[in-house]
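Presented below is the structure to which this report refers.
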Amino acid sequence: MKHLTITLLTLLMSIGLIAEEETIDIPPIMPPSYSVEGNYIGLIQCKTLYEMYFFTFYRLIAGVDNPKTFLESEELKMMCDFDTEKIRCGYIEKFTEKSNELAISQALSREDFWSEKDLTEFYAYKMFEFATILEKEGIEDKELGRERLAKLQMADDLSTCTDYRDYVDGNLKVDIGVENHEQLEEISKKDFNELSLNDQAMMHLLGRGVKQDFKEAVRLFSIMADEGSEYAQANLGLMYANGDGVKKDYKKAVYWFRKAAEQGNASALTSLGFHYSNGYGVDKDHEEAMRLYRLSAEQGNWMAHRNLGYVYKEGKGVRIDLVYALMWFIIAAGAGGDEIADSEVQDLSNQLNKSQVKEATGLVDDCVDNKFVGC
């Protein structure tokens, strides 16, 4: 292991990613929102990050090369043929397609932000750094290794790219209070003026029966939030978090999420947990995030189930446990029809042995029988 660590560092130096001149600094990837330009930038970053994931592990096997050369070679395609990597490769394609779509519609160009060389060198360097710490964690102080990983920008960027997987799969709207689509269809058929202010706000937010108007949605949700509606509070928090109709403000988002969470709102509990997990508007606190996710999960919230899957998969405040991660992803995929969770189920099922997969499915049965308490 120690020899391999030295090889990693030597390799990094040999391709020019550790040099006297540092690579250009790329800011953290911002979560998807209604900002088209922001989403375009995030998609480009996530596409490059995933490509450099493959570059990193291919170079460990095949030797030294330039990341740009790797992207133009057949090696990337060959790696994508492995069953365990098909999902991640599929998202490289989806990120590419969606970013091209936005570029054409908005006359955007990657070169207006960062060159391909800047991005590949930055993420190649950061991915090597991440991989090196992961490797050392297996032979040195594991707790220290987890702490170091949690502080890396790469850890947050990998998590944010999971949100972009939601974005390209069309699941982003799910986070904005649309929990019962059948009810939404019924509401859409009614006279708009007879709807509650909460329902009117949702119609403005989604552009159903009226022109899409985020500012009007904010105004209506604000009225009901001040009157104590947990539904309005949860959705107002999301609008501040995403910058929909208002200036993005994580502290205000946290304020409204907390108001709704205090009333036991499952969606708000999940959203508040997500903000604690990522340090948005509050100090990063994985233990508090876990507590909030569990409270939401006990109400059957599938997004909390999925987030708990990532907690165990990525070791956010707990030791990495892929069996428990698989358990939660199976629950999320089954309860919410969540395609992201389903892809994680396939990915982990390929990584784990048959005994571990069987153990995870047994834990699913126990967890469901106990109504998600104590899982």
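Structural remarks
- Most tightly packed first, judged by the mean number of other beta-carbon atoms within 10 Å of their residues, the peptides 317-324, 42-49 read 42-49, 317-324.
- Tensor-based shape of the range 221-289 (alpha-carbon gyration tensor, a/c under 1.5 rounded, otherwise prolate or oblate): oblate
- Across the range 191-369, the convex hull enclosing all Cα atoms gives 123 Å³ per residue.
Each value in this text was obtained by applying a stated rule to the coordinates, not by laboratory testing. From a predicted model like this one, the values you see are computed outputs, not experimental measurements. Methodologically, a virtual Cβ is constructed for each residue, glycine included, from the backbone with ideal geometry; neighbour enumeration extends over all protein chains shown.
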